[in-house]
Each structure stands twice: as structure tokens, then as C-alpha cells.
Amino acid sequence: MEAAALMDSSVYRADALMAQQSVTTPRPVVTPVPRLNRFVRQLQFRHQLTEWGTPSGSIAQVLPALVAQAMGEECLWVSDKEQNKIYPNSWSGLGFNLNSLYFLNESKPLQSIRTVLCENTFPFVIIDIRQRLNSADLHFLHTAVKQKKITIFLLRPFYLSNKNGNPFSKQRINSSYSISRKSFQLSVVKGRAAQKINLSFQEVLCG
Amino acid sequence: MAELLSLFNYQQTPEEFLPYLIVQSERPQTLQSLSSDIMQITESIYVIDLILVEKYWSRVASKNNRSFTQMIEQVVRQEVPDATLSLLCEHPFQGLVFFNHLKMHESRGFFSTSSLFAQKIYKNMGWHPWMLAARQAHDCFEAAHCLKKERKNFHGKLGQLQRFVERLDMQEFSGLQQAHFFEISRRFKGFIGSLWRWTFPEQQTTPEELTLFLTFDHYQRLQGFPWVPFFQDEPASQQTLLEHSVSDWGSLRESLFLDLEKLSRKPELAPPYKIVQMQWTLTLYDMSQVTETLFFKYPLSFEEEREREFETLLKQLQFCFEGFRQRMRERDAEIAMINTPLIVGWLLEVTKGFVLSEKEGVLDFEEQVSRLKNIEIQELDNKMKSSIQTFKVFDHFVSGLDYQEKGLSAKDSGASVPLVLDQPRPFYLSPEEEELSPTDIKSFQFLDRTSSDWWRRQDALDSYRDCYICELTNKSFVFAYRNYKGQWFQYGL
């Protein structure tokens with residue numbers, strides 16, 4: 001009885017997913033910041049690996065988080081700051097629906113990331129880790145993106161530069177914050193977009 | 001007024017989880033439909049531990065739009081029809097006292113010690129049910145040969161306690177509530193002291209997640225109450241003795257797969273049985289044995305696992321093996337054994353599981369895709385070392401608490417209310433506030449001033465926190481606050 005029910009439910013699941021896929025059309029990324037929207041319009045995030053250089057901690061991650069929020073997909077945020085506690089109010093304050101945001105916080109999450117990507121449970125995965133990724137890891141992420149149509153944001157704790165390129169990511173963007181100028185700066189290292197944009201603190205966080 | 005406001009808000013927090021269920025039943029085999037952890041107190045009174053299966057029942061409860069307590073009540077009514085009286089409680093002994101009281105008054109039905117009604121009754125309960133529970137607990141531990149030293153001269157000391165309360169003309173045992181257990185223990189010996197401690201158990205919180213390698217300290221929850229497991233059948237097991245020793249996961253995996261295949265064909269593990277815990281006892285080259293325990297965050301059906309080629313089980317066994325190998329490498333670091341650990345055999349045992357009735361096990365076809373998604377995420381969670389977390393943020397003021405972790409299957413209380421973020425907040429909070437030296441701070445930007453819980457503090461100024469984003473001299477950015485004395489503390493990343 002139970003096995004039959006499970007079989008039927010898996011058919012139902014497959015049908016539902018197929019139906020979902022057939023009606024899904026790429027929606028433009030619309031954040032509450034108009035100038036940011038214009039900047040990201042030329043970038044393609046869906047089903048791509050995008051690398052973000054975020055050397056200024058949480059404050060610099062606000063911009064990729066706003067873009068992620070605007071994508072409106074069920075998302076898993078993976079981090080390796082196990083000794084720190086996740087503060088969900090930050091994400092909620094950026095407009096994330098916490099019902100579709102999941103967190104995984106462990107000291108060495110690489111193996112878990114592999115399991116997550118193999119299972120293909122989340123269409124969107126944000127990886128915020130300080131751990132060094134070698135080319136095999138990056139290749140794995142690239143393959144997951146291509147084969148399973150997953151969107152991945154890889155947040156790195158340093159400035160990205162062309163000196164050390166990453167052939168596996170479609171786009172490489174630096175996001176930083178300057179206290180003296182009270183402004184965010186986005187600069188594209190790889191990808192089709194204007195090279196640089198400055199957004200004021202007020203513009204990003206207070207509309 | 002502020003205190004009153006916060007008190008009302010606390011009323012809105014989710015229901016308290018009571019981990020033990022006391023049931024009177026003549027058919028103990030039916031109790032397995034609730035949990036695998038059962039303890040027999042008297043011939044027909046059983047205590048059921050719900051800690052390991054909490055997540056599962058919460059998930060089923062959520063699916064059926066019920067609370068955890070309502071769900072357990074429904075299962076007891078359906079699966080244990082001869083149980084006329086059942087009680088959810090914080091501690092087995094506390095529950096036993098209450099249970100005896102209810103029985104004496106010929107009460108019937110399902111009770112919970114967390115209800116306001118039960119708390120009022122408990123405060124006004126006479127000594128008779130307590131004395132009876134003490135004797136029942138003594139007889140139970142005597143049969144199990146537990147606490148021998150503490151129980152010495154129990155009946156004499158219990159009589160002494162009875163005379164003592166009669167002399168004081170104390171009708172209710174709550175009259176002695178203020179007496180600390182070690183004072184009772186000093187006067188009436190250790191066992192009665194322990195019974196006293198269990199009568200008013202301290203509030204214990206269950207860890208949010210039972211991770212793969214973390215054995216939840218039941219002792220802590222039970223506060224020294226010896227748990228005597230009630231086994232009805234021998235646990236299903238599969239033993240393997242290898243001809244050659246192995247030390248890598250690749251070789252182990254093949255043999256383990258065959259073992260799991262054999263285990264899955266055992267009739268006692270056939271549906272509706274679901275496993276919660278397994279033990280893997282490895283025999284090493286020096287014939288020493290190491291036991292690894294596997295916990296499943298959500299109960300697992302062996303039949304479903306076989307269909308999926310034991311993906312979850314093998315993943316968890318692999319985590320166990322990697323942890324074990326790391327420990328062995330550290331142990332044998334001095335003798336530089338390249339291939340440690342050399343394994344020559346093992347025993348796989350299903351140590352905990354429970355029988356699931358068809359009604360709860362079958363998926364509802366009318367479910368939304370999101371529900372199926374939830375199940376998918378739970379299946380994924382079973383394959384992970386750490387747990388996937390979800391949170392909800394309160395849209396009302398709760399003193400000292402502005403968000404809460406929720407279960408993967410917890411039902412939404414409604415549409416999420418996005419906050420208007422006027423100031424950035426850190427994504428991660430430091431475990432403890434760290435004091436920063438002003439010389440470490442290169443530049444800073446003021447964000448806002450907070451002053452929560454000022455009414456609790458002796459010095460109201462102490463509640464002021466001026467929050468800043470700081471750039472440190474090492475070029476990292478942190479969130480810090482400055483108190484009214486000018487000291488800096490880092491609170492987030």
C-alpha cells in the first residue's frame with residue numbers, strides 16, 4: 001500500500017516538476033534599487049555560476065543578497081562560519097521570504113555541497129565560504145550548473161582579479177563598501193556589463 | 001507595563017515539547033507505533049521516550065494540521081485502544097506521580113503536565129500518589145538492579161519521610177517544593193533525594209538537531225533517572241567477517257551494500273517498521289571493537305532505501321567511517337601506520353525503530369508541490385552531516401527573542417512580513433561579544449542606537465548600544481557597538 005502510494009507520489013512529483021519547468025520563463029531580476037537593476041540587466045545569473053568578491057564581510061554581501069532575493073527562487077545559503085550564529089533578521093530585512101530560504105552552516109561544507117548539488121533539491125545555492133576551492137571543486141560546481149540547471153552564487157572573502165582567473169564561472173563581480181565614501185562599489189571582472197558602478201548607502205538600504 | 005507586554009508575547013511562543021508519555025496498557029507491542037524507547041514501570045504502566053522521534057511526529061502533525069500533542073493523542077487513541085489514561089510529561093517520575101493521582105480519581109483521557117489545569121492540580125496534590133510512585137520506581141529499579149547503593153533502606157526512610165510530613169501536617173507535597181533535593185537527600189538518603197529532584201524537574205531543552213555523531217545526553221534530560229529499556233524482540237542485525245582486512249571506504253562500501261541488502265530482507269524490518277538508530281560495531285586487526293552510532297533525523301524505511309540503493313544509509317555510514325578513520329589516524333600518529341584503520345569485520349544492528357501505522361505513513365495525494373518539496377528537503381537532510389536550518393522572524397515584539405529556528409516541516413503561520421531595512425544588520429552573530437581595542441579600528445560608520453530591556457537593568461544607561469560598521473586595521477569589516485563608557489564590542493560579521 002505504502003510503496004504504491006510512494007510510486008504514485010513520485011509520478012505526481014515528476015508531473016508537477018515538468019509542469020513547473022514548462023511554464024517557467026526567465027524573469028528579469030528586479031531589486032528595489034533601480035540603478036542596480038540597470039547594472040545587472042546585462043548579466044545572466046540563472047543557471048550560471050557567478051563568483052562574487054566580497055572582501056568587506058556582510059555589508060559587501062548585501063548587493064549579491066539583493067540580487068539573490070530578486071531572483072525569487074527557493075534558495076540554500078551555505079556558509080562555513082559554524083562558530084557564528086546565523087542572524088535571519090538580516091535576510092528578512094532585505095526582503096527574503098524566510099519560508100523559501102534554507103541555511104546550512106558547518107565548518108567544512110564542501111562534501112555537503114556536493115550532496116546538495118547531486119540531489120538537485122534546491123534550484124539556487126549560495127556558497128559563502130572562506131575555504132579555498134581548487135579547480136576540481138570549481139569544475140564540480142560548473143558541471144552541476146550545466147547538467148542540473150542550478151544557479152550558484154559563490155561568495156569569496158577577497159577581491160577577485162584577472163590575474164587569477166576562474167574559467168568555470170560565467171561572471172566574476174567585486175562588491176565592496178567604503179566607509180569613508182559611504183558607498184557600495186560593484187565592478188565586473190568577467191562578464192558583459194558596465195565595468196563599474198557606485199551606489200550610495202542611502203540608495204541601497206533606504207530606497 | 002513593559003513586563004506585562006512581554007509576558008503576553010511569551011504566550012504566543014510555540015507549545016512546549018514534553019518528551020515522555022506515560023501509558024497504561026496490557027499490550028506493550030502496540031506502544032511501538034509511537035517510539036522504540038519504552039520503559040516498563042509496573043506490569044501495565046509504561047513510559048515512552050519521544051525525543052528521538054519528535055521530528056517525525058512533528059512532521060506528521062504538520063501534515064495533518066495538528067499540534068505535536070494533538071497528534072500523539074490521536075495516535076494513542078488509534079494504535080493503543082486499551083489505553084484509557086495517558087499523560088505527556090517533562091520527566092518520567094513527575095509523570096508517574098501525576099498518573100497515580102489521575103488513576104486514584106478514576107480519570108480517563110489524555111493529559112499533559114504543561115497545561116494550566118495540570119499545573120494547578122500538581123500544586124495541590126496529596127502525598128499518597130507521590131509515595132506510591134516512589135514505591136513503583138523503587139520496585140522497577142530493584143528488578144533492573146539499578147541504584148543499589150542509593151536504594152539501601154528505602155522503605156525505612158520512606159516511612160520516616162511519611163512520619164515527618166504527618167508531624168508537620170503537610171497535606172500537599174508541593175509544601176516542600178522549596179526544599180532543595182540535596183537537603184532531602186541528606187536527611188532521607190540519596191534515592192529519596194533523587195525522587196524529590198525528579199518531582200520538580202529542572203527545565204531542559206532538547207538540542208535543535210541530533211547531528212550524526214552527537215548522542216543526545218538523555219542522562220541530562222532524565223537528571224539521573226535510570227532508563228531501563230523494555231525489549232520485546234532481539235534487534236535485527238547482520239554480521240560480516242572479512243577474509244582480508246580493509247581500510248578504505250571503496251572496499252567497505254561493497255560489503256556494506258550486501259549487508260544492507262540482507263538486512264532489508266529481514267521480516268522484522270519490513271514496512272511499516274522505520275528505523276531511527278543503528279549501531280555499527282567494527283572489529284579491528286587487533287580484535288579490538290569500536291562502536292559507531294548512526295542517528296536518522298527522520299525515520300527511514302528499509303524498503304524505500306533498498307529502492308534507492310541504500311543511498312542515505314551508505315552516506316551516513318561513510319560519515320561514520322570518516323570520523324572513525326580520523327580518530328584512528330590521530331591515535332596511531334606516532335607509529336605511522338599508513339593504512340589505519342585495518343578492519344576485519346563488523347556487526348550492523350538496528351537498535352531503534354518504530355512501527356508506523358499505515359494512516360500516518362501514506363502520503364496525502366492532495367498535497368501541494370511545496371509539501372513534496374519539504375519531504376525532498378527532509379530526505380536530503382538525512383544525508384547531511386549537519387542539519388539544514390530554517391527560521392522565522394516574529395512580526396511582534398518578544399523580549400530578548402526576535403527570531404526563532406523552526407523545523408523543516410513547520411507550517412507557515414501566514415505570509416511572511418518583510419521588514420523594512422533602514423540599517424544593515426550582520427548576517428552572522430559572534431558567539432560572544434568580543435571587546436575591540438580602539439586602536440584596532442581604522443574607520444567606522446554610525447548605524448543606530450538601541451536600548452532594549454532597559455527596565456531590567458539597574459543602570460538604565462547600560463542598555464544603550466551605539467551600533468557601527470567598523471573597518472579594522474587588518475582590513476576586515478565587522479559590526480560593533482559602543483557602550484556609554486566608550487568601550488567597543490564586536491557582535492557580528
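Quick check on chain A: helices-only [θ] at 222 nm, where DSSP H runs of length 4 and up contribute -39,500 (n - 2.57) each and the sum goes over total residues. Nearest 500, please.
Numbers: 7 runs with 79 residues, N = 207.
Here the helix-only value at 222 nm equals -11500 deg cm²/dmol.
Averaged over its residues, how many other protein chain Cβ atoms are within 10 Å of peptide B:301-307's Cβ atoms? Please list the in-between numbers first.
Values: counts 3, 0, 3, 3, 0, 0, 4.
The mean count of partner-chain Cβ atoms within 10 Å per residue comes to 2.
Enter the mean number of other protein chain beta carbons within 10 Å of the beta carbon of each residue in B:467-479, as an integer.
On the way: counts 0, 1, 8, 1, 7, 0, 0, 0, 3, 4, 10, 4, 5.
What the average comes to for B:467-479 is 3.
Determine, for chain A, the count of lysine pairs separated by eight or more sequence positions (or lying on different chains) whose alpha-carbon distance falls under 15 Å. Spell out each step's value before the answer.
Values: A:LYS81/A:LYS108; A:LYS146/A:LYS170; A:LYS149/A:LYS170; A:LYS163/A:LYS190; A:LYS170/A:LYS190.
So the count of such lysine pairs works out to 5.
Name the shape class, rounded, prolate or oblate, that the alpha-carbon gyration tensor gives for region B:93-171, where a ≥ b ≥ c are the square roots of its eigenvalues, rounded holds for a/c under 1.5, and otherwise prolate holds if a/b is larger than b/c and oblate otherwise. Walk me through the numbers before you get to the answer.
Values: a/c = 2.55, a/b = 1.37, b/c = 1.86.
Verdict is oblate for region B:93-171.
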### Query
What are the residues whose amide H is under 5 Å from the amide H of A:TRP52, where those residues sit 5 or more places off or on another chain and H is modelled from the backbone?
A:LEU154, A:LEU155, A:ARG156, A:ILE173
### Message
Taking each residue in A:49-59, count the Cβ atoms of any other chain within 10 Å of its Cβ, then average. What number comes out?
### Response
4
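Can you put B:PHE427, B:PHE117, B:PHE489 in order, fewest other beta carbons within 10 Å first?
Values: B:PHE427 27, B:PHE117 9, B:PHE489 16.
If I rank by nearby Cβ atoms, fewest first, I get B:PHE117, B:PHE489, B:PHE427.
Can you pull out the GluC sites (Glu not before Pro) in region B:50-150 that DSSP calls coil and that have at most 15 other Cβ atoms within 10 Å?
Working: sites: B:GLU54, B:GLU73, B:GLU79, B:GLU90, B:GLU106, B:GLU142, B:GLU150; in loops: B:GLU90, B:GLU106, B:GLU150.
Here the sparse-neighbourhood loop sites are B:GLU106.
Could you tell me whether region A:42-142 comes out rounded, prolate or oblate from its Cα gyration tensor? Rule is a ≥ b ≥ c as square roots of the eigenvalues, rounded for a/c under 1.5, then prolate if a/b exceeds b/c, otherwise oblate. Each step should come with its number before you reach the end.
Values: a/c = 1.33, a/b = 1.18, b/c = 1.13.
In terms of gyration-tensor shape, rounded.
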### Query
If each residue's Cβ is checked for other Cβ atoms within 10 Å, how do A:ARG132, B:ARG306, A:ARG38 rank with the fewest at the top?
A:ARG132, A:ARG38, B:ARG306
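Just add up the charged neighbours of B:ARG306: K/R +1, D/E -1, any other residue whose Cβ is under 12 Å from the Cβ of B:ARG306.
Net local charge, B:ARG306 excluded: -3.
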### Task
May I ask you to list the lysines whose Cα is less than 26 Å away from that of B:LYS152, ignoring any residue fewer than eight positions away on the same chain?
B:LYS189
### Query
In nm, to one decimal, how far is the modelled label at B:SER107 from the one at B:GLU26, with both set 7 Å along Cα→Cβ?
2.4
### Top positive-direction residue, dipole computed over region A:46-205 with Cβ charges, set A:ASN105, A:LEU63, A:ALA136
A:ALA136
### With Cα atoms, 0 to 90° folded angle of helix A:135-148 axis to chain A main axis
60
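I want the local charge near A:TRP52. Using Cβ-Cβ distances under 14 Å, sum +1 for each Lys or Arg and -1 for each Asp or Glu among the other residues. Before the final figure, lay out the partial values.
On the way: positive: A:ARG130, A:ARG156, A:LYS170, A:ARG172, A:LYS190; negative: A:GLU51, A:ASP128.
Cβ neighbours under 14 Å give a net charge of +3.
Every number here is computed from the coordinates shown, using simple stated rules; none is lab data. These numbers were taken from a predicted model, which means no experiment stands behind them. Glycine gets a Cβ as well: all are built from the backbone with ideal geometry, and neighbour counts include every protein chain shown.
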